[in-house]
Amino acid sequence: MTHPDTDLIPLPRRAQHGPPAGGEGTTLDERTEIEARPGTERVARWLRQTVGAATGLPLAPFRDSGNRIVLQLDPETERELGPEGYRLVTDGPLTVIEGGGEAGLFWGAQTLRQLLGPDAFRRAPTAPDKRTWPLPALRIEDAPRFRWRGMMLDVARHFLPKDGVLRYLDLLAAHKLNVLHLHLTDDQGWRIEITRYPKLTEVGGWRERTKLGHRASPLWDERPHGGFYTQDDIREIVAYAAERHITVVPEIDIPGHSQAAIAAYPELGNSDVVDTAALKVWDTWGVNPNVLAPTENTLRFYENVLEDVLALFPAPFVHIGGDECPKDQWRASPTAQARIAELGLAGEDELQSWFIRHFDRWLTARGRRLIGWDEIIEGGLAEGAAVSSWRGYGGGIAAARAGHDVVMCPEQQVYLDHRQHASMDEPVPIGFVRTLEDVYRFEPVPAELSGEEAARIMGTQANAWSEVMDSQQRVDYQVFPRLTAFAEVAWSQLPPSDARDYQDFTRRMTAHYARLDALGVGYRPPAGPHPWQRRPGVLGRPIDGAPPNV
């Protein structure tokens, strides 16, 4: 990898000053036009809406100007760099972006935006009299390491209104991340409208109060909390993401993390051992014992839910959770024990696997694929299922060796709700200390995998659980700047983790902080939280080396 002293993030695969035949940089000004060749119209529109708005330049469609941005799809670029690869060349009056596909062209446009400086990330010009925007003479060839470069956003524990989700899609796109995993249901709330079951949002969409801080905290926020996305909201989110070449993967939790659904429809729970009619949407954190009953009614209910989900989300994958499913109620339930006997299962672990296998077959029959947390391995992994490996690398290694696709997201490395520093000034400090450098040195592919097994690691994902993130400002603080380091890990062809040039990354971050400022991101400053970012008196979990289990 060669690169000049640019401040680009993620680091491009190859970059050099000046085109091969020589040449100079260019300057965008009021005469600059966009020559959008066939198949590039959406990227041209994005450039006008974002870069045009920030710079005040019209970036008019090409007519006759020599000073222009040329957008084109290029078969050679696709052969050499893949559909998400791009070439960007600035040479005299021309700025040329060639994409292997439309996605690659879009990532090249994101690079162009970075080259223009942090003011190109604003929504309107800050200096209306500024008429010229210089670009250095560069040739960049770039392509991603992984095809799944994701972030999981938990909107179930604390609801993030639609505008906040759209904003995060823009932030993901600015970092060349291409998957938004939306955690839509949990014990603490159900966030997606299902037309056949209105109580899921009428009852399951809000809770009476909320635990403040770690579950052991004595503090409560006595305000009701809730919200949900209408189906039109979801359509808008999905369409907005598609314009930015981001896939939205929905998560509907089955069979654990389901108290909000059971509160809305008590027949879904194990009513032969628990008074499910008395359950409310959960107001605290941790692993909840109230799980779905293994009945035909439950299967039909969630099939109907997923019919709506499939109609709203075109993503090839649907995430069904599958994690942290306590078996105590099933052990005590005559209904569950009768189901185990009827199916000839070895026990409760295989009963959980029966749930997963059912929905794996159901989704496969409809042209989709199931993905779940690594507990879905317990009791036998469903054929065709992919695994999100969160409890470390072990689940992902086992799944890859068994021939299953894997997304690496181990909590020890890339759970962004975890604290960023050991100081108790960190707001609601929970989990492991994982600094910006720790995330930068994360390696998604375990060294012990063979080449064939490693090819099963289809990507990586950072997870942002929202138990202690009750506002957009708190999400920003926990996610940034670490998501920037993660984005480089997911995109760039970096050396092994212990050989990565963290000093160069921090140099480039100096410029990137200015971009985040322009975007209005309330990130954690390198020196520690601002006074207004602290949460004195709201307890987290002391550092004791144990997993957080908030």
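Does any residue of region 299-310 turn out to be touching an Asp or Glu at 6+ places or on another chain (Cβ under 9 Å) and either free of Cβ contacts under 8 Å to residues at least 24 places away in the same chain or polar (S, T, N, Q) (or both)? Scanning region 299-310 turns up no residue that is touching an Asp or Glu at 6+ places or on another chain (Cβ under 9 Å) and either free of Cβ contacts under 8 Å to residues at least 24 places away in the same chain or polar (S, T, N, Q) (or both).
Which residue, of Val468, Val433, Val475, Val479, is in contact with a Ser or Thr (Cβ under 9 Å, 6 or more places away or on another chain) and of a type in the set (Val, Ile, Thr)?
Values: Val468 fails: in contact with a Ser or Thr (Cβ under 9 Å, 6 or more places away or on another chain); Val433 fails: in contact with a Ser or Thr (Cβ under 9 Å, 6 or more places away or on another chain); Val479 fails: in contact with a Ser or Thr (Cβ under 9 Å, 6 or more places away or on another chain).
So the residue among Val468, Val433, Val475, Val479 that is in contact with a Ser or Thr (Cβ under 9 Å, 6 or more places away or on another chain) and of a type in the set (Val, Ile, Thr) is Val475.
Please tell me if Leu363 is free of Cβ contacts under 8 Å to residues at least 60 places away in the same chain, part of a helix (DSSP H, G or I) and surrounded by 22 or more Cβ atoms within 10 Å (Cβ to Cβ).
On the way: free of Cβ contacts under 8 Å to residues at least 60 places away in the same chain: yes; part of a helix (DSSP H, G or I): yes; surrounded by 22 or more Cβ atoms within 10 Å (Cβ to Cβ): yes.
Answer is yes for this residue.
If you go through region 427-463 and keep only what is within 24 Å of Ala399 (Cβ to Cβ), surrounded by fewer than 22 Cβ atoms within 10 Å (Cβ to Cβ) and aliphatic (A, V, I, L, M), you end up with Val445, Ala447, Leu449, Ala454, Ala455, Met458. Within region 239-250, residues that are touching a residue at least 12 places away in the same chain (Cβ under 8 Å) have Cβ atoms under 9 Å from residues that are crowded, with 23+ Cβ neighbours inside 10 Å and of a type in the set (Asp, Glu) in these pairs: His245/Glu84, counting only partners at least 6 apart in sequence or on another chain.
Among the conditions (1) surrounded by 15 or more Cβ atoms within 10 Å (Cβ to Cβ); (2) touching a residue at least 40 places away in the same chain (Cβ under 8 Å); (3) out of contact with any Leu (no Cβ under 8 Å at 6 or more places or on another chain), Tyr513 misses just one, which is (2).
Looking at (1) surrounded by 14 or more Cβ atoms within 10 Å (Cβ to Cβ); (2) modelled with pLDDT under 95; (3) of a type in the set (A, V, I, L, M), which one does Ala546 not meet, given that it meets all the others? If we test Ala546 against (1) surrounded by 14 or more Cβ atoms within 10 Å (Cβ to Cβ); (2) modelled with pLDDT under 95; (3) of a type in the set (A, V, I, L, M), just (1) comes out false. The criterion of being without any contact (Cβ under 8 Å) to a residue 12 or more places away in the chain and either of a type outside the set (A, V, I, L, M, F, W, C) or more than 30 Å from Arg235 (Cα to Cα) (or both) holds for Ala277.
Among residues belonging to region 476-490 that are touching a residue at least 60 places away in the same chain (Cβ under 8 Å) and among the small types (Gly, Ala, Ser), point out the one that is farthest from Ala143 (Cα to Cα). The residue in question is Ala487.
For region 491-503, which positions are assigned to a helix (DSSP H, G or I) and either touching a residue at least 40 places away in the same chain (Cβ under 8 Å) or in contact with a strand residue (DSSP E or B) (Cβ under 6 Å, 6 or more places away or on another chain) (or both)? Before the answer, list the steps.
In the first step, residues of region 491-503 are kept if they are assigned to a helix (DSSP H, G or I); the result is 491, 497-499, 502-503.
Trp491, Ser497, Asp498, Tyr502, listed by residue number.
Please work out if Leu153 is assigned to a strand (DSSP E or B) and either touching a Phe, Trp or Tyr at 6+ places or on another chain (Cβ under 9 Å) or buried (at least 21 other Cβ atoms within 10 Å of the Cβ) (or both). Explain how you work it out, then say what you get.
Working: assigned to a strand (DSSP E or B): yes; either touching a Phe, Trp or Tyr at 6+ places or on another chain (Cβ under 9 Å) or buried (at least 21 other Cβ atoms within 10 Å of the Cβ) (or both): yes.
Spelling it out, Leu153 is indeed assigned to a strand (DSSP E or B) and either touching a Phe, Trp or Tyr at 6+ places or on another chain (Cβ under 9 Å) or buried (at least 21 other Cβ atoms within 10 Å of the Cβ) (or both).
Scanning region 181-212 for residues that are more than 13 Å from Trp285 (Cα to Cα) and among the aliphatic types (A, V, I, L, M) turns up Leu182, Leu184, Ile192, Ile194, Leu200, Val203. May I ask you to say which residue of Asn304, Asn290, Asn297 is modelled with pLDDT of 95 or more, surrounded by 19 or more Cβ atoms within 10 Å (Cβ to Cβ) and of a type outside the set (D, E, K, R)? Just a single option satisfies the conditions, and that option is Asn290.
Pick from region 219-229 the residues that are under 13 Å from Phe159 (Cα atoms) and not small (Gly, Ala, Ser): which of them is farthest from the chain's Cα centre (by Cα)? So that I can check it myself, show each step before the final result.
Let us first name the residues in region 219-229 that are under 13 Å from Phe159 (Cα atoms), namely 224-229.
Now narrow it down to the ones that are not small (Gly, Ala, Ser): 224-225, 228-229.
Details: Pro224: 27, His225: 23, Phe228: 19, Tyr229: 18 Å.
Here the answer is Pro224.
Give the residues of region 157-213 that are without any contact (Cβ under 8 Å) to a residue 40 or more places away in the chain and of a type in the set (Lys, Arg), sorted by residue number. Within region 157-213, Arg191 is the sole residue that qualifies. Assigned by TED's automatic domain parsing to the domain that holds Gly384, closer than 19 Å to Ile194 by Cβ and either at pLDDT 95 or above or not aromatic (Phe, Trp, Tyr) (or both), is that true of Pro316? No; evaluated as a whole, the condition is false for this residue.
Check Asp91, Asp129, Asp142 and return the single one that is buried (at least 21 other Cβ atoms within 10 Å of the Cβ), more than 30 Å from Asp232 (Cα to Cα) and of a type in the set (D, E, K, R).
Working: Asp91 fails: buried (at least 21 other Cβ atoms within 10 Å of the Cβ); Asp129 fails: buried (at least 21 other Cβ atoms within 10 Å of the Cβ).
Result: Asp142 is the single residue among Asp91, Asp129, Asp142 that is buried (at least 21 other Cβ atoms within 10 Å of the Cβ), more than 30 Å from Asp232 (Cα to Cα) and of a type in the set (D, E, K, R).
The values are calculated or read from the model by the stated rules, or taken from the named source; none is laboratory data. Everything numeric here is computed off the predicted structure, so don't read it as measured data. All Cβ positions, glycine included, derive from the backbone under ideal geometry; neighbour counts span all protein chains shown.
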